[in-house]
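Peer 1: What follows is a structure written as structure tokens; I'll ask about it next.
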Amino acid sequence: MDIRGTKKVMALLSLTACVSLTGLVNPCLFTDNNIAYAADSAGDYTVYEPIKIKATVTADALKVRKGAGTTYAQKVVAGTPVTLKENTKVYVTGNKNDKDGNKWYAIKYKINNKWYTGHAISSYIKLSASKTNKVKAEITAKKGVYARTKAVSSGSILKYKKQRVALTYGQKCQIIGETGEEEKYFLIAFYYNKKLMTGYVKSDKLQLRKTIDEAAEAGKDNTKENTGSETNENNTSSGDKNVNKGSGTSENNTGNNTGTASGSAVAPEPVITTSPAVTPATPTTALSDSEFEAAMTAAGFPESYKPYLRELHSKHPYWTFEANLLPMTWDEAVANESKVGVNLIPNSKNAAWKSTAEGAYDPLTDKYIPYDGSTWVTASEQAVKYYMDPRNWLTEDYVYQFELLSYKAGLQTISGVQAILAGTAMDGTSYSYTDDMGTTVTRTYADTFMDAAAYSGVSPYHLATRSKQEVLGGSGFTSSVSGTVSGYEGLYNFYNIGAYGSTTAGGAVAHGLTYASVGNVNKVYYDGTPLNRRILIPWTNQYRAILGGAAYIGYEYIDRGQNTVYLQKFNMTAKSTYGHQYMTNIEVGRGESVKTKTAYSSLGEQPLVFSIPVYKDMPTTAAAMPGTGGASETKDFNNYLSSLTVSNYTLTPTFSPEVTEYTVVPAENDVSVTVSATAVSGKSVVEGTGEHVLVRGVNTIQVIVTAENGSQRVYTVTLQK
């Protein structure tokens, strides 16, 4: 192989795609706020980053080739094969390894004051990297790599607080120097535990920051711009098509082609751009009443759903309603969702809303057992039925929990996001943070949610309303996004991902910020890359947290079938049924639906699609709101005693609040006994206490406890005299 002798060739621009973000196919590669989105003809988005680095040829003669490897033909200009001399100045515009693992640079070079593109082996091109001219890069070693103190394999491994410094796959860094040819090392700067460090890494363990993925470009017209006179050798390889704008001759290409070279096109300063706003076409004719009736029946909606849907259709004739016919019965679903600790409700609710099942309520103390902090307790079965029954929420205010969620460019705009955030701590607010390269960046929250939608494929309205529901309180932000929680300083979680209920120190906030720190170390994204890389763990600033959390929502919920707020709260999909549910707050669907309605109010009529769950064997009427049965449901029902004594005698068996039958053997000469009793609940009334006169034979004393709701419990004491 002719590598060292002529030192050459070409590496096609190493490019990374974020194709069809509405489909969440591949991860986007980006740095904080260094993103450029280019819309294709379908309105989808591709993320790219520019590479244009000054460099110098170090070999006495370096061949330039058409591709990344010696199997590619040498470039020809004006009939002469291109060989660059030592000290020739070039631009490096990309990098790629050949089949043997050798790294090649895509380069741009000048001959007779005209620019051309090609590829050369990287060993003999030195980047103009220095502390004042840093070159962006990232680690590509799948198992990571140690940074060393010297540019040799025997160099000591860099240490921090006595621990060896290991850089992980995908970690970003900056090249500030290089040394060697056959075994080239880069001197890099990087952050380790928030400390800026420098060390040496072999050049094959990292690559320059990427642009568009070659796989996404496969089959496209991979043309290159040639503003000079260049004659190409015969080349039958697809993707090596040439455009000749000069006076030279292009062999095997006589057409008048135009295009831009993947190797010569230099992306503009990275900014966020979007395709022109395209509002989905609204149907010109709404369904007639008879057509809508037929559509409901064909979809599989039961008769009990139809009155609600008719009302919605009359107000929003372009909305579409799909019946999500579920495989489980209503009773089965309710039983699973009613398990202790699965769905929680504030303890301030009346008794009808709170579960009294074992483990949810302690009748001996009249206390509901918290499952998140000190105020969130298990919801009653009736509360679960009420919130699970879709028919209760088929209204203009609450139907949005059934809307199918995805990013719709043009329909979902920054003005809509701003409407959602209006009047909150995020309204018109900017924040600043330092990205992983040490640059200070300032963004608004509205802009960030739009970025997050493009990155994740999830509706920005959904992201904004979800974050608003999670981390905005009456006085501003909750501690989950303060960045100042003790033990979790510098961490943010804008969607409370991983913030499951707990009574341990810190509760749900601590769990959420732990997730913000470590994420899912063992999970991988669809393309095999680590999930933590895709979701930008750790969430050490607001931008990473909002975009990374959005990617998590896409990965963990929408892509797996939990594509409505309802299914994220009550998971009735085939995967992890009854588990993997977003939030334990049973009321979250209603709250997010109201916020979504508010956001949509300024958008006018749009052809929205709603997926409405239908369970097997549902009751013919919607589940009633807890407490509609009157005082027997809403008032305190506790009618237990916490203590019971009869003079100084011993009760048999020993007193227990749940035992209601006791015996006492009084002294022969006693003529009376005194009964004392205390109720567990302060709202209960106790009767039957005080002095009781004894007669010869069997004496029966009853202590009656009447709860606030009127229910009674009778404790009986039998005395034999």
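The values are calculated or read from the model by the stated rules, or taken from the named source; none is laboratory data. All figures in this text were calculated on a predicted structure; none of them were measured in a lab. All Cβ positions, glycine included, derive from the backbone under ideal geometry; neighbour counts span all protein chains shown. Side chains included, ligands, DNA and RNA excluded: accessible areas come from the protein's heavy atoms. Shrake-Rupley method; radii C 1.70, N 1.55, O 1.52, S 1.80 Å.
Peer 1: All but one of (1) of a type in the set (A, V, I, L, M, F, W, C); (2) open to solvent by less than 10 Å² (accessible area, probe 1.4 Å); (3) modelled with pLDDT of 90 or more hold for Val518, so report the exception by its number.
Peer 2: Here Val518 clears every test but (2).
Peer 1: Still on this model: Could you tell me whether any residue of region 430-439 is assigned to a helix (DSSP H, G or I), modelled with pLDDT of 90 or more, among the small types (Gly, Ala, Ser) and farther than 16 Å from Ile535 by Cα?
Peer 2: Keep residues of region 430-439 that are assigned to a helix (DSSP H, G or I), which gives none.
The answer is no; no qualifying residue exists.
Peer 1: Okay, moving on. Give the residues of region 297-328 that are in a strand (DSSP E or B) and either in contact with a helix residue (DSSP H, G or I) (Cβ under 9 Å, 6 or more places away or on another chain) or among the acidic types (Asp, Glu) (or both), sorted by residue number.
Peer 2: Filtering region 297-328 for residues in a strand (DSSP E or B) gives 320-328.
Within region 297-328, Thr320, Phe321, Glu322, Ala323, Asn324, Leu325, Leu326, Met328 meet the criteria.
Peer 1: As an exercise: evaluate Thr620 against (1) modelled with pLDDT of 85 or more; (2) in contact with a Leu (Cβ under 9 Å, 6 or more places away or on another chain); (3) not charged (D, E, K, R) and give the number of the one condition it does not meet.
Peer 2: The number of the failed condition is (2).
Peer 1: State the number of residues belonging to region 329-374 that are in a strand (DSSP E or B) and surrounded by fewer than 16 Cβ atoms within 10 Å (Cβ to Cβ).
Peer 2: Result for region 329-374: 5.
Peer 1: A further question on this structure: Mind listing whichever residues of region 112-130 are part of a strand (DSSP E or B) and either surrounded by fewer than 18 Cβ atoms within 10 Å (Cβ to Cβ) or in contact with an Asp or Glu (Cβ under 7 Å, 6 or more places away or on another chain) (or both)?
Peer 2: Start the filter on region 112-130 by keeping residues that are part of a strand (DSSP E or B), which leaves 114-121, 125-127, 130.
Of everything in region 112-130, those that are part of a strand (DSSP E or B) and either surrounded by fewer than 18 Cβ atoms within 10 Å (Cβ to Cβ) or in contact with an Asp or Glu (Cβ under 7 Å, 6 or more places away or on another chain) (or both) turn out to be Lys114, Trp115, Tyr116, Lys126, Leu127, Ser130.
Peer 1: Sticking with this one: If you check every pair at least six apart or on different chains, which have Cβ atoms under 6 Å apart with a residue in region 528-552 that is among the charged types (D, E, K, R) first and a residue that is open to solvent by less than 30 Å² (accessible area, probe 1.4 Å) second?
Peer 2: Between residues of region 528-552 that are among the charged types (D, E, K, R) and residues that are open to solvent by less than 30 Å² (accessible area, probe 1.4 Å), the close pairs are Arg533/Gly170; Arg534/Pro27; Arg534/Tyr525; Arg534/Ala551; Arg544/Leu536.
Peer 1: Any idea which of Ala446, Ala419 is assigned to a helix (DSSP H, G or I) and free of Cβ contacts under 8 Å to residues at least 60 places away in the same chain? Reasoning before the result, please.
Peer 2: Numbers: Ala419 fails: free of Cβ contacts under 8 Å to residues at least 60 places away in the same chain.
The unique qualifying residue is Ala446.
Results for (1) at positive phi; (2) in contact (Cβ under 8 Å) with a residue 60 or more places away in the chain, shown as yes or no for each residue.
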position	(1), (2)
Asn113	yes, no
Ser128	no, yes
Leu167	no, no
Ile176	no, no
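Peer 1: For region 453-497, which positions are in a helix (DSSP H, G or I) and more than 24 Å from Ala510 (Cα to Cα)?
Peer 2: Ala453, Ala454, Tyr455, Ser456, Pro460, Tyr461, His462 - these are the residues of region 453-497 that are in a helix (DSSP H, G or I) and more than 24 Å from Ala510 (Cα to Cα).
Peer 1: Just the residues that are open to solvent by less than 20 Å² (accessible area, probe 1.4 Å) and in contact with a Ser or Thr (Cβ under 9 Å, 6 or more places away or on another chain), please, taken from region 76-97. Walk me through it before giving the result.
Peer 2: Taking region 76-97 first, the residues open to solvent by less than 20 Å² (accessible area, probe 1.4 Å) are 76-77, 82, 84, 90, 92-95.
Correct list: Val76, Val77, Val90, Val92, Thr93, Gly94, Asn95.
Peer 1: State whether the residues of region 476-487 include one that is under 22 Å from Val588 (Cβ atoms), out of contact with any strand residue (DSSP E or B) (no Cβ under 8 Å at 6 or more places or on another chain), open to solvent by 50 Å² or more (accessible area, probe 1.4 Å) and among the polar types (S, T, N, Q).
Peer 2: So far as region 476-487 goes, yes, one or more of its residues are under 22 Å from Val588 (Cβ atoms), out of contact with any strand residue (DSSP E or B) (no Cβ under 8 Å at 6 or more places or on another chain), open to solvent by 50 Å² or more (accessible area, probe 1.4 Å) and among the polar types (S, T, N, Q).
Peer 1: Go through region 74-100 and give me each residue that's in contact with an Asp or Glu (Cβ under 7 Å, 6 or more places away or on another chain) and closer than 30 Å to Ile139 by Cα.
Peer 2: Scanning region 74-100 gives a single hit, Glu86.
Peer 1: Basic (Lys, Arg), under 18 Å from Ser203 (Cα atoms) and under 45 Å from the mean Cα position of the chain (by Cα), is that true of Lys103?
Peer 2: Yes: the conditions hold for Lys103.
Peer 1: Residues in region 569-624 that are free of Cβ contacts under 8 Å to residues at least 60 places away in the same chain, open to solvent by 50 Å² or more (accessible area, probe 1.4 Å) and among the hydroxyl-bearing types (Ser, Thr, Tyr): how many?
Peer 2: Within region 569-624, residues that are free of Cβ contacts under 8 Å to residues at least 60 places away in the same chain, open to solvent by 50 Å² or more (accessible area, probe 1.4 Å) and among the hydroxyl-bearing types (Ser, Thr, Tyr) number 1.
Peer 1: Do you know which residues across region 170-210 are at pLDDT below 85 and buried (at least 16 other Cβ atoms within 10 Å of the Cβ)?
Peer 2: Correct list: Gly170, Glu181, Tyr191, Tyr192, Arg209, Lys210.
Peer 1: Sticking with this structure for a sec: If I go through region 381-416 residue by residue, how many of them are assigned to a helix (DSSP H, G or I) and hydroxyl-bearing (Ser, Thr, Tyr)?
Peer 2: The qualifying residues number 4.
Peer 1: Yes or no: region 424-432 includes at least one residue that is in contact (Cβ under 8 Å) with a residue 60 or more places away in the chain and surrounded by fewer than 23 Cβ atoms within 10 Å (Cβ to Cβ).
Peer 2: yes
Peer 1: So, one more: Only strands (runs of 3 or more DSSP E) wholly contained in region 12-109 count here; list those with 1 or more residues that are at pLDDT 90 or above.
Peer 2: Because the criterion is at least 1 residues that are at pLDDT 90 or above, the strands (runs of 3 or more DSSP E) in region 12-109 that meet it are 53-57, 61-63, 83-85, 89-97.
Peer 1: Arg713 versus (1) open to solvent by 70 Å² or more (accessible area, probe 1.4 Å); (2) closer than 29 Å to Tyr368 by Cα; (3) not hydrophobic (A, V, I, L, M, F, W, C): which is the lone unmet condition?
Peer 2: (1)
Peer 1: Quickly run through region 647-694 and pick out the residues that are in contact (Cβ under 8 Å) with a residue 40 or more places away in the chain, polar (S, T, N, Q) and open to solvent by 30 Å² or more (accessible area, probe 1.4 Å).
Peer 2: Residues satisfying the conditions are Thr660, Thr663.
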